[in-house]
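Visitor: The structure follows.
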Amino acid sequence: MSEANRPEVRAGLEACLARLWRYTIVSSRSRDAADGLVQATCVRAIEHADQFAIGTRLDRWLFSILWSIWLNEVRARRIREGTGVVDAEQALTSDGAKAIEYSRRGSV
């Protein structure tokens, strides 16, 4: 594995943590789930830093990792519960992006 991108990914993670966490807590409605998802996102980003294209937006890459992990967890939970697979459009319980924008405006 090429580790050339690892320092850039690690350096950019801290700046993205608050947004990742806010998005995840609004989407999952659970602090525990948010903590776990953000931690898993950071671990996967560091492990797969060689897949990050330097010069592109790190936040978008991290959100795509987070989304993938979240969707896999929702699908696995549905299968364990016997309710089958879930469509990606049904995975989030709310519009997290809109809630984040609202919370940003409220805190300014």
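Visitor: Efficiency by 1/(1 + (r/R0)^6): what FRET value for GLU81 and ALA33, r their Cβ-Cβ distance, R0 = 25 Å, to the nearest 0.05?
Guide: After rounding, the FRET efficiency stands at 0.95.
Visitor: Quick one: SER68, SER28, fewest Cβ neighbours within 10 Å first, how do they rank? If you can, show how the numbers build up before the last one.
Guide: Details: SER68 13, SER28 21.
Taking fewest neighbouring Cβ atoms as first place, the list is SER68, SER28.
Every number in this text was worked out from the coordinates using simple rules, so none of it is lab data. Source: prediction; values computed, not measured. All Cβ positions, even for glycine, are placed from backbone atoms using ideal geometry, and neighbour counts span all protein chains on display.
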